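Please treat every number below as a calculation from the coordinates, not as lab data. This one's a predicted model, so the numbers in the text were calculated from it and none came from an experiment. Here Cβ is always computed from backbone atoms with ideal geometry, including for glycine, and neighbour counts include all displayed protein chains.
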Amino acid sequence: MSTDMTVAKTTHDAEADDRNEHIKIYVDGKIVPKDEAVVSVYDSGFMLGDGMWEGMRLYDGQWAFFDEHMDRLFNSLKSVSIDLDIGPEDIRDILNRTAAANGMTGDAHCRLMITRGRKAKPFQHPSLSKWGPTVVAIVEHSKPAEKVQDKGIRLATVPQVRGLPMAQDAKYNSHSKLNCVIACLQAEQAGADEALMLDPHGFVNTTNACNFFIVRRGEVWTSTGDYCMNGVTRQKVIDLCRDNGIVVREKNYSLYEAYGADEAFLTGTFGAQTPVAEIDGKTIGSQDGAGPVTLRIRQLYKDLVAQNVAAQAASSSVG
């Protein structure tokens, strides 16, 4: 294995881009310079992690799989009783205006954040958020680092578990990410790049930042989905496998199967499909970087993004 694997990296590593020091950010109805983009210290997101977020990528002027991201966002907001008085098309307009203000049409990533809003007093009760939700959209020039996409990352299994629905359902893409932060710290302290988290029963589940897949004898395996983020990219990969003759299984499996996998990869909106090079110091597969099944899925996903972007562009031109 190449010596550069000793350098810590993450699935969200991006190529350096100095333009991000001067971007403009949407904050509650205004698009302002980065150094003026602030929220109150009384905001429920800052104070309690009380909010939801979505990450989306911009391709040729369109937000890939926008409808799926909005379905998840509004389901999450409804579940925690955050009443947003705007809809998905209003959010699309916010993102488009923010991207336009930064001269972006592609190679950009958005973090859309919606909290319960500013509180009257620094306490927990939701009724103290009296002025409606806070809405922020950060859109950065962002291209996944080629080194990570080519060589992959190292995972370490950690004691931090994710996650019982009656504690904090992992399907919430919430601002409260402390358990994932703790997992990431545990992985770094073990000398790895990111954490591989087990479910409450000890089966392989997810990483601290992405969904996790392995390939064994040509079959693609991922967790049951009961205890992990219902990732948009995760579901697209599962659907692509089913549509293209690749056996895919959502199932319980242990570290034994993961260690012996022919390939492993992570899925997420930012990195799409990122290869895994090691788990707990054990090399995954015999190839250097992404294996043949991962590469096939990566191309199928790239084609699907292009189809989705083209369909959105056609729909917007008709409208």
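Summary of values
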| item | result |
| --- | --- |
| Relative contact order (percent, whole number), region 18-142, Cα cutoff 8 Å, 6+ residue spacing | 36 percent |
| DSSP beta bridges in the chain [antiparallel fraction, %, rounded to 5] | 85 percent |
| Cut-off under 5 Å, modelled amide H: who pairs with Asn211 long-range | Thr267 |
| Relative exposure of Leu255, Leu198, judged by other C-beta atoms within 10 Å (fewest first) | Leu255, Leu198 |
| Alpha carbon centroid spacing (whole Å) that separates region 10-44 from region 200-259 | 33 Å |
| Computed label-point distance, nm, for sites Asp280 and Ser79 using a 7 Å Cα→Cβ extension | 2.9 nm |
| Percent antiparallel among DSSP beta bridges (both partners in region 147-306, rounded to 5) | 70 percent |
| Relative exposure of Val135, Val41, judged by other C-beta atoms within 10 Å (fewest first) | Val41, Val135 |
| Chain lengthening between Arg217 and Val247 when straightened (0.36 nm per residue, less Cα-Cα) | 9.8 nm |
| Computed lengthening from Asp17 to Asp107, 0.36 nm per intervening residue step minus Cα-Cα distance | 31.3 nm |
| In degrees, nearest ten, helix 88-101 long axis to first principal axis of the chain (Cα) | 90 degrees |
| FRET E, pair Thr224, Ile86, Förster distance 25 Å, beta-carbon r, rounded to 0.05 | 0.15 |
| Fewest-first ranking of Leu155, Leu178, using other Cβ atoms within 10 Å as the exposure measure | Leu178, Leu155 |
| Tilt relative to the chain, helix 178-189 - C-alpha long axis, 0 to 90 degrees, to 10 | 40 degrees |
| Cα long-axis angle, helix 292-318 against the chain (0 to 90 degrees, to the nearest 10) | 30 degrees |
| Stretchable slack from Ala100 to Ser317, in nm (0.36 nm times residue separation minus alpha-carbon distance) | 76.4 nm |
